[in-house]
Every structure is written in structure tokens, then in C-alpha cells.
Ligand code: NAD
Ligand code: MG
């Protein structure tokens, strides 16, 4: 039995992970569940999965959960940073699903990396903030990183074994790889008139044509910042240079990404847009397990189309590619600014098109700043959040 911690257990990826675990009860067991504040959902999950630990980041939520659990329950409720860190380094834990949304996922995920666990990485923001340190630490501790993000999982599946076993340090040229094609649907506003974008509401932005996801990543998909964060994520996982990584719009989301080889071959991974496929792949790699996903019906798919991204429509994608070239300081600042901007948009404080303005203004302030520790990264993250908040308060 492989013992799991699910970080972000109450979210979209957390729920899909627990669904795959339930379908394969002989292989996986839930050791700990971690969430922010949704104690009612956590109560249901505890009844269903009987974890040893249920950790709520919000202490009030921890209390509410404790009060509502039956007295004879096996689950111990915890809260606080020290308790979370103890769970991440617990010797009973084999595997961690890292699916907290945003920068909040960095510290617990990094603790698990240091402890040499197997990490199924959905929380792309952690890698965007700490890429070099994250991959170096995994190499030192012997932690295994497997990409859950559907594009990176597709790239991983389309790569030779030499690349799969040397994530972060692979030499693509030596493996005969010309470039990686990172596909993205273009989100709900791919064909909307440019002049209408400033009027788009949170509800419209969260209505993704193909995928059902949490609200933050849904807005990131509408701005294509999600593809930008994924561009940075791909650089760290597959050690790509700028000429080895291209973004392609593919509105049907049937191809989840591709690898173009020097002999002209292109290898892709295809499937229905359901995150249980990449989750199950990471859980069972190199084997395969049932995931509950419907098989792809090519007659229903009909056609697959592709086009180049338009940076006028998607300025956030361009900012992320620039930040990636600029370095770790820039990607950390961009990630923090974007989290503040997306939250302000979801709270109807700023317009959809203001998200790119906040991000751009914060990126302009980036100064060279060597980031060799998690504390230095968190301090810069905090500064950038303040900068973004000030910009929203004074310039918009
Ligand atoms: P979600 O909003 O549905 O769930 C987020 C989870 O994180 C919840 O369990 C919540 O309790 C927890 N959380 C939020 N703030 C927290 C905090 N401060 N401390 C601890 N826990 C906190 O999000 P999601 O769509 O499941 O996405 C999770 C991560 O996976 C994101 O990084 C996202 O980019 C990535 N991802 C998601 C998808 C998808 O299809 N949903 C696909 C690829 C990658
Ligand atoms: Mg993705």
C-alpha cells in the first residue's frame, strides 16, 4: 500500500485524486488530507477515506471539523505550520499530491521535496516561484517529481525514458528532440471581440469551454497566464531553452501537448479533458491503472485545429515568457502579482483587462535578487503582493 497525503484535498484536483484512489483501494491509502477552510467538505472526506490526519490551515475551521467528527473517529485534526510540516516529513508518507492553489502550496510541497517523497505536482505556482531550488533539492534528496498538469504530463509521456528519469537535468538535444509544443485551448475568450474583454465578468471568465477547474486557474486560463505559468513550469521540468519551447493554441484540448523530434516525428498524448488521466498516470507510473475517464471517441471529436497565440489578446502570456527569460526574481514577482490581480478581479474590484496591467507594472519593478532560499523567495513574494495591492489602490 502506498500512503498518500493530499494537499488541497477539498479542491478540484484533490477531489479527482481521491476519486482515483477510491477506484484502486488495493494500491493506495489516504494517510492525511490537507485543506484551507472548507471543513464541511473535509468532514465528508474524513468519513469516506478515514485518514490518520486531517489538517486545516484555518484554525477556526480545524475547530469546527474537530467538533463535528464522531468521537470514535480514527482521524486526528491538526492545524498550524509545525503540524503541517510534521505531516509532510512523516516517515509513513510515501507520496504527496501537491494540489494547493497558488503560492500557499510552496512551503508544504518543498518540505516533502526535502524529505525525499514522491511528489505528484499539480501546484505549478510552487515551481514558478522556486524552480531552480526546487529541482536542485529534489536531486539532492532523491525526491521523485511527476507532473500532474495535463500538458506537462503529456510532454512527460511523449519523452524518452532518459528524459523521464532525469527531470530538470535532461539534455533534450542529445535525446534527438527539436522542441516541445505546449498546447492550450485559448480559454473562453479566444474569439470574443477584443473590445469586449474589459467588460468580461468573473462568471464568464470561469466558464472554461473544456475543463472544469478551480476559480483561480480558470481565470488564468482566460488570460492565458495559465499557459505562461506552464511555460515556466516546462522550462524547469524539461530543461528547455527558449527555442525548444513553443505555445500552440488548440481549442479542442484533445491533444494535451507534443514533442517534435529531429527526424520529423511528433509524439503527442491525447485523451478526454479530465484530470483523472494525468493524476492516475502519475500515481501508477510506469504502470497503468483505471481512472474512470471515458475513452476518447475520435468520431465525436471530428476535427483538431491549431493556431498561433495572439499576444494582443493574451498579454499575460507574453509577460510570462519574458519573465521566464529574465529569471527567478521575475517569475516569483509575476506569480505573486497575478494572484493578487486575479483575486481582485474575482472580487469585482478590477476589470478583466486590468489583470495584465497589474502584472506588467509589478514586473517593471523587478531588480536582480539572488533567490537561493525559500525564505528569500517568500520575502520577495510578499513584497510583490504589496506592490500589486498598491498599484490596484492608486493606479486603477
Ligand atoms: P481549487 O481552488 O479547486 O482547490 C484549491 C485547494 O487548495 C483547496 O483544497 C483549498 O482548501 C486549498 N487551499 C487554498 N488556499 C490554501 C492555503 N492558503 N493553504 C492550504 N490550502 C489551501 O484549485 P484546483 O483547480 O484544484 O487547483 C489546484 C492546483 O492544481 C493549482 O495550483 C492549479 O494550478 C493546479 N492545476 C489544476 C488543474 C485543474 O484542472 N483544476 C489542472 C492543472 C493544474
Ligand atoms: Mg495545464
Seminar exercise, completed: Considering only strands (runs of 3 or more DSSP E) wholly within the stretch 1-88, the ones with at least 2 residues that are more than 25 Å from the chain's Cα centre (by Cα) are 76-78
Problem set entry | Residue count for the stretch 299-329, restricted to those that are buried (at least 22 other Cβ atoms within 10 Å of the Cβ) and out of contact with any strand residue (DSSP E or B) (no Cβ under 8 Å at 6 or more places or on another chain) | 7
Exercise. Going by the conditions given, is residue 303 farther than 23 Å from residue 189 by Cβ and out of contact with any helix residue (DSSP H, G or I) (no Cβ under 8 Å at 6 or more places or on another chain)?
Worked result: no
Exercise. Do we have any residue at all in the stretch 173-184 that's within 12 Å of ligand 1 (Cβ to nearest atom), closer than 17 Å to residue 313 by Cα and outside the structural domain of residue 352 (by TED's automatic domain parsing)?
Worked result: yes
Exercise. Name the pairs: first residue in the stretch 63-83 and within 19 Å of residue 110 (Cα to Cα), second residue in a loop (DSSP other than H, G, I, E, B), Cβ to Cβ under 9 Å, at least 6 apart or on different chains?
Worked result: 79/57; 79/58; 80/57; 81/57
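Does residue 273 satisfy being within 16 Å of ligand 2 (Cβ to nearest atom), under 30 Å from residue 197 (Cα atoms) and in contact (Cβ under 8 Å) with a residue 40 or more places away in the chain? Talk me through it step by step, then tell me what you get.
Numbers: within 16 Å of ligand 2 (Cβ to nearest atom): yes; under 30 Å from residue 197 (Cα atoms): yes; in contact (Cβ under 8 Å) with a residue 40 or more places away in the chain: yes.
Judged against the criteria, residue 273 is a match.
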Exercise. Are any residues in the stretch 280-317 assigned to a helix (DSSP H, G or I) and free of Cβ contacts under 8 Å to residues at least 24 places away in the same chain, and if so, which ones?
Worked result: 298, 299, 300
Seminar exercise, completed: By residue number, the members of the stretch 142-162 that are touching a helix residue (DSSP H, G or I) at 6+ places or on another chain (Cβ under 7 Å) and either away from ligand 1 (no atom under 16 Å from the Cβ) or not in a helix (DSSP H, G or I) (or both) are 143, 145, 146, 147, 148, 149
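The values are calculated or read from the model by the stated rules, or taken from the named source; none is laboratory data. From a predicted model like this one, the values you see are computed outputs, not experimental measurements. Heads up, the Cβs are rebuilt from the backbone with ideal geometry, glycines too, and the neighbour counts pull from every protein chain shown.
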